[in-house]
Amino acid sequence: MKIPEFTLPAPLAALVAPLPRWPLAVALARALDFGVGRVVSAEAIAPLEGRCVRLTVRDLGVDVTVACRDGRFHPAPRDATPDVAIAATLRDYAALALRVEDPDTLFFARRLRVTGDTELGLVVKNLLDGIDLAALVPRPPWRMP
């Protein structure tokens, strides 16, 4: 699968950027919580305990920050200082999620930026790399193995 190169138009970013981040942060935190114990083990997220992670979609002008406390993810205040910040375009996040592109390739091409605690960024990268995407999507009953 190939994802075409694209950047979201600036007028769209101008509309979306001023919107409140809290609903996005809540949605991200709930999605991450859903994955703990199902997709990744509680032990695997232990290095994130007490830490704050910010994800930025550069071409949309949106950033979302979550913190891990007591083995769960919570929205962090917008003014929270993240321990690690990860930034990419929407296209590059999609390519990572679909495993079309490797995070290292995007990082060295300067399309994926990691600032702050880069060791924690590596932990996040390894957690994402360890997710079995096929296990997340059930097979339709008519599909051959």
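Scanning the range 102-128 for residues that are closer than 22 Å to residue 4 by Cα, modelled with pLDDT under 90 and of a type in the set (D, E, K, R) yields 102, 104. The set of residues in the range 77-111 that are under 16 Å from residue 62 (Cβ atoms), touching a strand residue (DSSP E or B) at 6+ places or on another chain (Cβ under 9 Å) and of a type in the set (A, V, I, L, M) comprises 80, 85, 86, 87, 88, 90. Scanning the range 15-55 for residues that are touching a strand residue (DSSP E or B) at 6+ places or on another chain (Cβ under 8 Å), within 16 Å of residue 129 (Cα to Cα) and among the β-branched types (Val, Ile, Thr) yields 36, 45. For the range 1-52, the set of residues classified as within 14 Å of the chain's Cα centre (by Cα), surrounded by fewer than 16 Cβ atoms within 10 Å (Cβ to Cβ) and either at pLDDT 90 or above or over 19 Å from residue 97 (Cβ atoms) (or both) consists of 26, 27, 30, listed by residue number. In the condition set (1) farther than 17 Å from residue 122 by Cβ; (2) not in a loop (DSSP other than H, G, I, E, B), residue 38 is compliant with all but (2). The numbered conditions (1) within 16 Å of the chain's Cα centre (by Cα); (2) not in a strand (DSSP E or B) are all true for residue 55 except (2). Among the residues of the range 106-121, write down those that are on the phi < 0 side of the Ramachandran plot, of a type outside the set (A, V, I, L, M) and surrounded by fewer than 13 Cβ atoms within 10 Å (Cβ to Cβ). Across the range 106-121, the qualifying residues are 108, 118, 119.
Among the numbered criteria (1) more than 16 Å from the chain's Cα centre (by Cα); (2) hydroxyl-bearing (Ser, Thr, Tyr); (3) at pLDDT 95 or above, which one does residue 65 miss? Looking at each condition in turn, residue 65 falls short on (1). Within the range 58-92, which residues are of a type in the set (Val, Ile, Thr), closer than 16 Å to residue 120 by Cβ and either part of a loop (DSSP other than H, G, I, E, B) or without any contact (Cβ under 8 Å) to a residue 40 or more places away in the chain (or both)? Matches in the range 58-92: 81, 86. Here is the figure for the range 98-127: residues that are of a type in the set (A, V, I, L, M, F, W, C), free of Cβ contacts under 8 Å to residues at least 24 places away in the same chain and not in a loop (DSSP other than H, G, I, E, B) total 4.
The values are calculated or read from the model by the stated rules, or taken from the named source; none is laboratory data. Since this is a predicted model, take the numbers as computed values, not measurements. Neighbour counts are summed over all protein chains in view; Cβ atoms, including those assigned to glycine, are modelled from backbone coordinates with ideal geometry.
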